[in-house]
Each structure stands twice: as structure tokens, then as C-alpha cells.
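What follows is a set of notes on a single structure, which appears directly below.
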Amino acid sequence: MKLLKEKIMQEGKVLSEDVLKVDAFLNHQIDPVLMKAIGEEFATRFKEAGITKILTIESSGIAPSMFAGLTLGVPVVFARKRKSLTLSGNLYTSKVHSFTKNETNEISVSKDFINSDDVVLVIDDFLANGQAALGLLEILEQANAKNAGVGIVIEKGFQTGGSLIREKGIRVESLANIKSLADGKVEFFEEDPT
Ligand code: G4P
Ligand code: NA
Ligand code: NA
């Protein structure tokens, strides 16, 4: 997605060989115009998939998911990382290990909001080692819901998450796929024409 890649080039900061900071438009300050375009792009790519619901994870997956949900006309559910006062019992849960942070967190979704009639698009901001996406996919299995695929804003294609998920036969659509962050420079895979 050209607009997104331009934004990454203009406002992204390469923190190391494997971390890209995008606090200026996605992870802290959020650019609503860009998020709307991102949501519409996900909706276009998955418009024939019969999606009934979007599943994402707090916090940075919510903004792009909202616009995809708005365009597709479906609700957005976000998995919680912390136990909430009102969210208890009646939960799907899965463990998500972050290699970056070296911690494991339990994520949860209420059984009230996903069931076996749903066709669900999973959306997240980053795809790195794939653990968050795999945790969301596990929740869909618990719900016996159908998965229509995974939509990612920024994939770091030099890490293992993308192949881990695609190897399972799952459709992964990333709007920007980074080939390398070496030498302080962002280099994209160029297969994506949009
Ligand atoms: P994984 O799910 O692909 O295995 O990712 P990992 O554990 O490595 O990621 C932990 C957190 O760091 C996630 O956000 C993920 O989105 C984010 N992340 C991973 N790589 C990058 C990167 O290069 N740049 C940025 N900006 N973020 C990255 P989170 O902690 O769940 O935070 P949030 O959703 O509340 O923002
Ligand atoms: Na994040
Ligand atoms: Na995230």
C-alpha cells in the first residue's frame, strides 16, 4: 500500500535492525486519515470472504480494525491483555509469548461476542514473530468460528511470523512488508502493487 509505505519512509524511525518505531501515526499518535485508508484496503482485499466480525488485540490493532469494520459493516472485537473487572468467566483465553518483551500474557475474549456462525478476519498492527496472531487464531478455534485470514498493517517479513501463519494455509495480507531494517534504512518487499 503506497500511502502507508510513504508514511513509513517519512515518519518511521529505525530503532535497530529489527525494530521500527511508528509512534507518529500508529502506536501512540494515530493518523485517522491513514487509518481510514488502511481499513478500506483491508475491506477491499477481504470483501468476498463473507466476514461477519473482526478480531484484533488491544491496543494498536483497534484503530485500523475500526475502519475495516466500518467499511465491511461488521463489529470489531478486541482481545484483552489484562483481566478486566467486568470480563470474568465465559471466556476464551490463549497464551501469547512475546519474544521481544520476554513475557507471556494471557489474552481473553468473551464467549458472548464470537461463536461458530462467525467468519472472522484477524487484524493486527505488526506481524513479527506471529505470536499475537496465533493466539487470536487459537481463540477462533475454541469458538469454532471460521477464519477468513489475517490482515496486518506492517509485516516484518524478515522475522518468522508470516511464514509460520502462511504454512498453516492461512491467508495473510500485509499492507507493507519490510524486507530489512539494516543500516538504519527501511527496505520493502516489492511484490505489492497497491
Ligand atoms: P509477535 O506477536 O509477532 O510475536 O510480536 P512480538 O511479541 O515481538 O511483539 C510485541 C509487541 O511489539 C506487540 O505490540 C507488537 O505489535 C510490537 N512490535 C513487534 N515488532 C515491532 C516493531 O518493529 N515496531 C513496533 N512499533 N512494534 C513492534 P504490543 O506490545 O501488543 O503493543 P500495542 O498493541 O499495545 O501497541
Ligand atoms: Na504494537
Ligand atoms: Na499489536
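Net charge dipole, the chain: roughly 360 debye, given to the nearest 20, about the Cα centre with Cβ charges of +1 for Lys and Arg and -1 for Asp and Glu. For Lys47, the aspartates and glutamates whose Cα comes closer than 17 Å to its Cα, not counting residues fewer than 8 places off in the same chain, are Asp118, Glu173.
Backbone geometry of segment 91-99 corresponds, through the Karplus equation with coefficients 6.51, -1.76 and 1.60 at θ = phi - 60°, to 3J(HN,Hα) couplings of 10, 8, 9, 8, 8, 10, 9, 9, 5 Hz, x marking Gly and Pro. Model label sites at Thr104 and Glu40, defined 7 Å from Cα along the beta-carbon direction, differ in position by 4.3 nm.
Peptides 95-102, 24-31 ranked from most to least packed by the mean count of surrounding Cβ atoms within 10 Å: 24-31, 95-102.
This model, with +1 at the C-beta of Lys and Arg and -1 at the C-beta of Asp and Glu, gives segment 96-194 a dipole about its Cα centre of some 160 debye. At full extension, Ser116 and Thr86 could sit 8.4 nm farther apart than now, given 0.36 nm per residue minus the alpha carbon distance. Among Thr56, Thr86, Thr44, sorting on how many other beta-carbon atoms sit within 10 Å of each Cβ, with the fewest leading, yields Thr86, Thr44, Thr56. Modelled this way, with points 7 Å down the Cα-to-C-beta line, the labels at Glu58 and His28 are 2.0 nm from one another.
For the chain, a Gaussian network of Cα nodes joined below 10 Å ranks Val22, Val76, Val153 by mean-square fluctuation, and the top entry is Val22.
Only one residue of Ala133, Gln159, Leu121 has its Cα farthest out toward the positive end of the dipole of segment 60-194, where Lys and Arg carry +1 and Asp and Glu -1 on Cβ, and that residue is Ala133.
By definition, a body whose alpha carbon gyration tensor gives a ≥ b ≥ c is prolate when a/c is 1.5 or more and a/b is larger than b/c, and the chain fits this prolate description. Within the listed set Leu34, Leu15, Leu72, the Gaussian network model of the chain (springs between alpha-carbon atoms below 10 Å) gives the highest mean-square fluctuation for Leu15. Neighbour counting of Cβ atoms within 10 Å sorts the residues Glu106, Glu173, Glu187, fewest neighbours leading, into Glu187, Glu106, Glu173. Per-residue 3J(HN,Hα) values for segment 17-27, derived from phi via the Karplus relation 6.51 cos²θ - 1.76 cosθ + 1.60 with θ = phi - 60°, read 5, 10, 10, 10, 8, 10, 5, 6, 9, 9, 9 Hz in sequence order (x marks Gly and Pro). Applying a threshold of 22 Å to the alpha-carbon distances of Lys53/Lys111; Lys2/Lys185; Lys53/Lys101 flags Lys53/Lys101 as lying beyond it.
We did not get these values from a lab; they are worked out from the coordinates using the rules stated. Quick caveat: nothing in here was measured; it's all calculated off a predicted structure. Every residue, glycine among them, receives a Cβ derived from its backbone with ideal geometry; neighbour counts consider all protein chains shown.
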